[in-house]
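Every read-out reported here was derived from the displayed coordinates using simple, explicitly stated rules and does not represent laboratory data. Keep in mind it's a predicted model, so treat the numbers as computed, not measured. With ideal geometry, Cβ positions are generated from the backbone for all residues, glycine too; neighbour counts draw on all protein chains shown.
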Amino acid sequence: MKSCFFRGVAPALLLSLFLMIPAENALSQTDQSGLHIRAQSAVLLDAISGQLLFEQNPHIRMAPASFVKLLTLYVAFDALRDGHLKKEDLPSISPKAWRMGGSRMFIKPGERVRAEDLLKGIAVVSGNDACVALAEHLAGTEEAFVLKMNEKARELGLKDSQFKNSHGMPARDQFTTASDIAVLARHYTKNHPEALFFHSLTEFEYSGIRQRNRNTLLGMNIGADGLMTGYLEKSGYLLVATAKREGQRMIAVVMGCDTPRIRIQESRKLLEYGFKNFSTVEAVKKSALFGPEKVAKGKLNKVYLTPAEGVWVTVPKGKENSIFITTEMPKPIIAPIRAGQAVGKIVVQSEGKALKEIALFSSSDVPKGIYLSWPLIAVCVLFLILLALLTFWLARRPRRRIFRSQ
């Protein structure tokens, strides 16, 4: 038949996720033969549908460099959302944070810096010192914060990543992949779109020192509004970039480029390829109702179903009308069922290929019992009335006397 700081995912949400095909695991919908990227590893992802549009050695494990900062910021924006961090908070800067090398926003030991400035220092100028300061403020120590980063990575399904610090400087056994970073960037931009305000800033000034954002895609008028550059001698030049145009958002990841110029050129090539060749289509609205579906052995004989979430899919340009959906569920559905219980699924297809599956939930409770329809109730009432009339008539009928001879 055919949803406390650092709190874990609720069981109901885990069940919902289990019943869905993860978007980041969706098959590529494109012929990649005409596209080559000058990078060791590359990925193009539709940020709205989650569908993979291009990949080139996507699972090579590499040192993540400043890509680590995306996860640091993700955890920090979670804390902002949950009220455990406020932009006006004034974390105290430790000697450890001050001593950080590499990219810095140049904070000083003992001073107190607004959390909002630390967020900008990370997002705009990739400040290693700001990462440590924010980590210590949120978790007490950077080591404790890194544990929470890895918990978040597992929650998001990053299967080939391991993090050892909050900033991305070289560390033993710290690695990630282009595929994982694309997934991380998708969740980050989806769950914290407000973060893009910080990432889209082209420069940041602190303590009289003005620094420019190294993501020069931001000034190219192509819709780019983030995210993060990186460099390590071991990994080469890296960039995870995102851009939005006319209701579409693309995420491009390049790792292992030879120069900063190449990482910009190849990231732009990926983004332009996505916008030029693909359409993002809303296949199922979150508010949609399916049914009514027949229910057996319940006090109701039918139920409407709702999708776990709205469904967006990506198809080649010109194939927008090829999308169709089917539902799969027991026939009939057997009571009892609870509101919010998964009882079936939607399959979204295009040209014979399944693009995405999503759970269908019952919109109401249906207790086990006997369903009494209005026609049946009317028959029962009529029968009772006739029975009452017959009883009354029998009670009023004269009794015949019987005389016996003696």
Checklist line | Label-to-label distance, nm, for residues given as Ser207 and Glu151 (7 Å Cα→Cβ offset) | finding: 3.2 nm
Checklist line | At R0 = 22 Å, FRET efficiency that the Cβ-Cβ distance of Met220 and Glu116 yields, to 0.05 | finding: 0.25
Note to self: Quick check on the exposure proxy: order Leu218, Leu90, Leu232, Leu138 from fewest to most C-beta atoms within 10 angstrom.
What the structure shows: Leu90, Leu232, Leu218, Leu138
Notebook entry, point to check: Along the Cα-to-C-beta direction of Lys294, a point sits 7 Å from the Cα; which residues of the stretch 323-357 have their amide N less than 13 Å from that point?
Noted result: 330-334
Next item on the list: Write down the radius of gyration of the chain and its Dmax, each obtained from C-alpha positions, in Å.
Entry: 30.5, 135
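Over the stretch 133-271, what relative contact order in percent results from Cα pairs under 8 Å that are six or more residues apart?
14 percent
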Notebook entry, point to check: What does the helix-only formula give at 222 nm for the chain: each DSSP H stretch with n ≥ 4 adding -39500 (n - 2.57), the total divided by the residues, and the result rounded to the nearest 500 deg cm²/dmol?
Noted result: -9500 deg cm²/dmol
Next item on the list: Can you grab the distance from the C-alpha centre of the stretch 298-348 to the C-alpha centre of the stretch 141-216, Å, no decimals?
Entry: 35 Å
